[in-house]
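The structure under discussion appears below in the form of structure tokens.
The values are calculated or read from the model by the stated rules, or taken from the named source; none is laboratory data. Remember, predicted model here, so these are calculated numbers, not experimental data. Note that each Cβ is placed from the backbone with ideal geometry, even for glycine, and that neighbours are counted across all protein chains shown. Calculation scope for accessible area: heavy atoms of the full protein, side chains included, ligands and nucleic acids excluded. Shrake-Rupley method; radii C 1.70, N 1.55, O 1.52, S 1.80 Å.
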Amino acid sequence: MVDYISEIDQYLKRLFPITRSLTGQGNRESLQILQEILPLKILEYFSGQKVYDWTVPREWSIKDAHIKNSRGEKIVDFKKNNLAVVSYSTAIRQKMKFSEIIKHLHYLKDLPQAIPYRTSYYNNDWGFCLSFNDFKKYFSQDQEYEVFIDAGFKDGSLTIGELLIQGQNPQEYLISTYICHPSLANDNLSGAILTAFLGKELLKRKLNFSYRIIFVPETIGAITYCANNQEAMRKINAGFVITCVGGQGKFSYKQSYNPDCFLNKFIERIFQDNNIEFITYPFDINGSDERQFSSIGFRINTVSICKDKYYEYPYYHTSLDNLGFVSPQAINVSLNLYLDIIEQVDKIDNNFTFINTKPNCEAMLSNLGCYPVLGGRLNPNQNNKSKKTQRDIISWLLFLSDGKTCLADISSKIDISISDLYEVAIFLEKKGILKKVKYER
Amino acid sequence: MVDYISEIDQYLKRLFPITRSLTGQGNRESLQILQEILPLKILEYFSGQKVYDWTVPREWSIKDAHIKNSRGEKIVDFKKNNLAVVSYSTAIRQKMKFSEIIKHLHYLKDLPQAIPYRTSYYNNDWGFCLSFNDFKKYFSQDQEYEVFIDAGFKDGSLTIGELLIQGQNPQEYLISTYICHPSLANDNLSGAILTAFLGKELLKRKLNFSYRIIFVPETIGAITYCANNQEAMRKINAGFVITCVGGQGKFSYKQSYNPDCFLNKFIERIFQDNNIEFITYPFDINGSDERQFSSIGFRINTVSICKDKYYEYPYYHTSLDNLGFVSPQAINVSLNLYLDIIEQVDKIDNNFTFINTKPNCEAMLSNLGCYPVLGGRLNPNQNNKSKKTQRDIISWLLFLSDGKTCLADISSKIDISISDLYEVAIFLEKKGILKKVKYER
Amino acid sequence: MVDYISEIDQYLKRLFPITRSLTGQGNRESLQILQEILPLKILEYFSGQKVYDWTVPREWSIKDAHIKNSRGEKIVDFKKNNLAVVSYSTAIRQKMKFSEIIKHLHYLKDLPQAIPYRTSYYNNDWGFCLSFNDFKKYFSQDQEYEVFIDAGFKDGSLTIGELLIQGQNPQEYLISTYICHPSLANDNLSGAILTAFLGKELLKRKLNFSYRIIFVPETIGAITYCANNQEAMRKINAGFVITCVGGQGKFSYKQSYNPDCFLNKFIERIFQDNNIEFITYPFDINGSDERQFSSIGFRINTVSICKDKYYEYPYYHTSLDNLGFVSPQAINVSLNLYLDIIEQVDKIDNNFTFINTKPNCEAMLSNLGCYPVLGGRLNPNQNNKSKKTQRDIISWLLFLSDGKTCLADISSKIDISISDLYEVAIFLEKKGILKKVKYER
């Protein structure tokens, strides 16, 4: 178990206030801070580049924004909360009546103390977000308001952080997180910070597989990355989109598009092994960047472990998704879950499996020095129906290792963790009873 | 919703009294009346023709029949109810004792007021059917009776009504109903009338597929038709046997022999979409003409929507299955259900499916003019977990349209109706994002 | 139903006291007694022969064994119960303190009146088994004991009884039982005696298939037999390991490694047809000689019908598994169940199936003389929803006999017994409506 609780706490506090968006200085600043944890390479993709059906947008910058009432008092102020301005708002300085400004105001009647988070990426427009309480307090029919947004667009670039970690096997797993949200803590500052520490830990380990870690603005960033790394992305084994990992509710995971993919099984087992109650969300076309990675052109099975999952908590996409909602402890637990799953994923090369070199009848296990020397005991399953003894695992593994069954399938068939199974398999391989063979799917 | 309630009511009253059987004048008369609704072609197949394992029977005609008691009173009378004589009875005029006549009497102890319906098509015999109440009242050990049946057989023909409706695609669906039952209202006068109005409606529409509508005497008529139209019948896509559609009980449907056939799914969806409770009867080898159409030589997936299904209501095959048991309203509802299902079936050519022309990442839906321009909203599934928004349907359809998945499968996978799905698919095809491709099963 | 109750009773009494083990005179003596029932061939495999990963062990013989207390009284005595000595114990005559002898004593605290059964086949050691009650009574810290085991090992042989019963078809089913347990009645004297009477019955019958019946010491005997009959064993269709068939508890069966194997279905049906409640144990890698027969090199689907299954009753592998625990009546019931299942297995040659020679529409069943001549009856399924009439079976069989579906599949699809189905198929074959064809899996 790794413990980064205090560091996570510090990074949460440093990164939370920064104004991030699809593009811009806030994103670069955030990635620079994450580089303290992880040697990220910073990639810049120029505005205007065609990426499949999309275009890399112009870079947006905002210096200030507010609404003043007729007495000149700031009643909505970007400097107090960067959610106050609809992301990608155009510049404006104008007096206007209630009937006009109301079209540009966003609030939530059902959550009257929360400022909603809104964007207007692909529609030239502007807007302000405020709590319904403030709306009721400061706005009325007969008033006039002064609207001010000092923002601008320029040909710039979209910024992505990338780290390729080489393992023995050049085949890669994808780890993706998104960095386009401003002051929202669970969605997805928690994911970005977790990903950085996850990468830091992976760098310490001797890995069998390679890992492609990316920090992208959601949707357009993932699309831009796919378009610029198409061949590499098409060879990805499977992936993770790390998001919403620090909330107060239950753990959950969103399945990859193929529910039978081993990743889903691994995650369920790890929750079970850690006695963690969890919710299973089947794959849905609404979600995060698995929408891109799982699209027909790539079809990467991509999962997310969450606490609380986007869409599913009331503070989602509001100012109440703040540092009071997330905890560094929760993020640290999620980090350890991700490390567990990746350790399992890293162990098993699904291109190989094992074949029993002594296929006729049982091998004489006492030769291995691990068979109980005194036979005739009680039912080995009697006292712990659900748990297998080491001898059971050996026997099942030898029974099922016909060279046509992969370890992941054996693992779910006999209901034991991949880690335990893999250790036993390696033990038996050293003893010469199992032999690694190419696994033809 | 079509409304033929008053016409259905009139046809029920006109057609109910006619004495129909495997063959004969009653069948011709009934088809002539149905020709007022539908331009049926009348086909005659001569007695003696070999049709597979069977032979087209001689034509049966009956003028009168009764049993008199010793006082000369008619105690059973064909003229009062044409169920009184076993169909295909041979002629007889004879006095006989109770011990002899009893072998030829049919009644139902469990339903003492009902006259049962019996036939003796392939066994030279005669018989009378009467209520158990009448049996107890009029028959006793020591009496003598005079039996009279004025019936005859001649080399004639078996009569079938046929209408071929040509759609754009020459591939056909089969719609079959049976006309061999005399005064039985639900089984199957209801089905014959529904089929006529269904055909009338289909003639009004611009259809993609072609429809082969037939009115046959059950079993031998279906066999005769198959034998005389073997090549056409072997190419049928799928079929309907329309029977028992006007009763007082629950709706139900009998599945086709392959439970996974899309027809079964379509029907269940239409019941659900109409908030109709229904019973599912799995395919059974007992039943109506699906026994012939689904036989090894044809293997047509054939379904029936019923209200109440044959076998399952107590009045089945008795004089209580009369005009008091069925209602024109129920038949009209069934008609609309059949129209719904056929409209869906007609839309989808399962020989084609769609392929996403922009397979890499998501298409930019705002280009389509149908993507919400303001992002960052709440979970689109939040308020109606079971219903999909138009944007969801678009996204799923693009995600699943790999050219290897048919619309019927996509429809059940994402749990939306074929109609909705098809409309969206055509919209996306016009926008150039989907392209029709041949679907290889 | 065969009735061997009194003979089973006599053989139980004669065979129970004999000291059996992996090898030795007790096994030979037991097989000689069983030869009175069955013309077994006695096979001897010499000590030292390599059999796959194993070696045929030296032959063990024991004349006497006991423990005396300091007063010279026998407190444990092999002559009173042959479970008292750990099987394959080495010879010893020695005085020793409690602290030393305790390492060689086996008892069961949870079952204080029972002597456990223990073996030490592959570990040079010795030991005594006694009840916990006796242990408490006779053993204490400060005492000295005299241990005596007059046992020896020599190059000899391992003994197997074999009977090959030739049917019309040279393809074989395996029937295996084990004879290595000394005075344990259910496990497995019951199985050995049942197997002998089963063989005796099979010899009386005209069989389609061939049967390979073997009586082996468990594990090493099965391995030795496989190694010496490898080609024959690789061609076995399926098999039975007959064990634990005479207890007081519920019937059960252990499934073969492939749960979909027809054997499992047959057994469940036979339990149901006999109204016998039963427990289903899925295949487990712990068990009896199915571990060898189902290993990768052979993959024989092997089942066991038990009453009470090994592991699952408290007296398992103790002196309480005695003649008071089993009953000849129970063994006789099990024998009849095995006969039933083998009769079914023998009937169906899964290399063949049937094809309907009249695939177009229904055949005219009244030509067969078995179709009800009076049509129009009530729902044939109405009164016995679960049972099929003969006409139903005929109709289903003709409907499903496309030449690509085997009888075992048809049997489970329409939920009737293989026997009933097969009789109907043969009837239809004689009528020329079905024709036998090669079944390509």
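General remarks:
- Within region A:284-298, the residues that satisfy the criterion of being surrounded by fewer than 22 Cβ atoms within 10 Å (Cβ to Cβ), closer than 16 Å to residue B:391 by Cα and not polar (S, T, N, Q) are A:284, A:287.
- Screening residue A:264 with (1) in contact (Cβ under 8 Å) with a residue 40 or more places away in the chain; (2) polar (S, T, N, Q); (3) more than 25 Å from residue A:52 (Cβ to Cβ); (4) open to solvent by less than 10 Å² (accessible area, probe 1.4 Å) gives one miss only, at (1).
- Pair list, Cβ under 8 Å, 6 or more apart: region A:294-306 residue under 10 Å from residue A:238 (Cβ atoms), other residue aromatic (Phe, Trp, Tyr) and open to solvent by 10 Å² or more (accessible area, probe 1.4 Å): A:301/A:257; A:302/A:257
- Listed by position, the helices (runs of 4 or more DSSP H) enclosed by region A:185-236 include none that has at least 2 residues that are within 11 Å of the chain's Cα centre (by Cα), of a type in the set (Asp, Glu) and modelled with pLDDT under 95.
- Among the residues of region C:217-232, those that are open to solvent by 10 Å² or more (accessible area, probe 1.4 Å), touching an Asp or Glu at 6+ places or on another chain (Cβ under 8 Å) and under 24 Å from residue C:188 (Cα atoms) comprise C:218, C:219.
- When we screen C:94, C:32 for residues that are out of contact with any His (no Cβ under 9 Å at 6 or more places or on another chain) and under 28 Å from residue C:8 (Cα atoms), the only hit is C:32.
- Within region B:233-261, the residues that satisfy the criterion of being of a type outside the set (A, V, I, L, M, F, W, C), open to solvent by 10 Å² or more (accessible area, probe 1.4 Å) and farther than 19 Å from residue B:335 by Cα are B:234, B:235, B:237, B:257, B:258, B:259, B:260.
- Exactly one residue out of B:166, B:171 is assigned by TED's automatic domain parsing to the domain that holds residue B:249 and closer than 22 Å to residue B:2 by Cβ, and it is B:166.
- Subset of region B:285-298 that is in a loop (DSSP other than H, G, I, E, B) and farther than 10 Å from residue B:257 by Cα - its residue that is farthest from the other protein chains (Cβ to nearest Cβ): B:288
- When region B:410-429 is filtered for residues that are free of Cβ contacts under 8 Å to residues at least 60 places away in the same chain and assigned to a helix (DSSP H, G or I), the ones remaining, listed by number, are B:410, B:413, B:420, B:421, B:423, B:424, B:426, B:427.
- Sub-8 Å Cβ pairs linking a first residue in region A:99-110 that is β-branched (Val, Ile, Thr) to a second residue that is open to solvent by less than 50 Å² (accessible area, probe 1.4 Å), at least 6 apart or interchain, are A:101/A:67; A:101/A:139; A:101/A:145; A:101/A:147; A:102/A:139, ordered by first then second residue.
- Residues that are of a type in the set (A, V, I, L, M, F, W, C) and outside any loop (DSSP other than H, G, I, E, B) within region B:32-48 comprise B:33, B:34, B:42, B:43, B:46, listed in sequence order.
- Condition check for residue C:370: at pLDDT 75 or above and under 30 Å from residue B:51 (Cα atoms): no
- Among (1) surrounded by 22 or more Cβ atoms within 10 Å (Cβ to Cβ); (2) away from every other protein chain (no Cβ under 14 Å); (3) among the polar types (S, T, N, Q); (4) not in a strand (DSSP E or B) - the single one residue A:177 does not satisfy: (4)
A quick yes/no check of all residues on (1) crowded, with 21+ Cβ neighbours inside 10 Å; (2) touching a Leu at 6+ places or on another chain (Cβ under 9 Å); (3) in a loop (DSSP other than H, G, I, E, B); (4) of a type in the set (Val, Ile, Thr):
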| position | (1), (2), (3), (4) |
| --- | --- |
| A:268 | no, no, no, no |
| A:279 | no, no, no, yes |
| A:300 | yes, yes, yes, yes |
| A:312 | no, no, yes, no |
| A:315 | no, yes, yes, no |
| A:332 | yes, yes, no, no |
| A:338 | yes, yes, no, no |
| A:345 | yes, yes, no, yes |
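- Flag if residue A:161 is in a loop (DSSP other than H, G, I, E, B), in contact (Cβ under 8 Å) with a residue 40 or more places away in the chain, surrounded by 15 or more Cβ atoms within 10 Å (Cβ to Cβ) and in the same structural domain as residue A:42 (by TED's automatic domain parsing): no
- For residue A:324: the one exception among (1) more than 14 Å from every other protein chain (Cβ to nearest Cβ); (2) part of a loop (DSSP other than H, G, I, E, B); (3) within 14 Å of the chain's Cα centre (by Cα): (3)
- Some residue of region C:235-243 being over 24 Å from residue C:312 (Cα atoms) and within 14 Å of chain A (Cβ to nearest Cβ): yes
- First in region A:27-54 and more than 14 Å from chain B (Cβ to nearest Cβ), second anywhere and of a type in the set (Asp, Glu) and open to solvent by 50 Å² or more (accessible area, probe 1.4 Å), Cβ under 7 Å, 6 or more apart: A:47/A:155; A:48/A:155
- If you check B:86, B:147 for being in contact with a Ser or Thr (Cβ under 8 Å, 6 or more places away or on another chain) and in contact (Cβ under 8 Å) with a residue 24 or more places away in the chain, only one passes: B:86.
- The one condition in (1) farther than 26 Å from residue B:259 by Cα; (2) modelled with pLDDT under 90; (3) basic (Lys, Arg) that residue B:435 fails to fulfil: (2)
- Taking region A:391-409 as the range and being open to solvent by less than 40 Å² (accessible area, probe 1.4 Å) and either part of a helix (DSSP H, G or I) or not assigned by TED's automatic domain parsing to the domain that holds residue A:363 (or both) as the test, the residues that pass are A:392, A:393, A:394, A:395, A:396, A:397, A:398, A:399, A:400, A:407, A:408.
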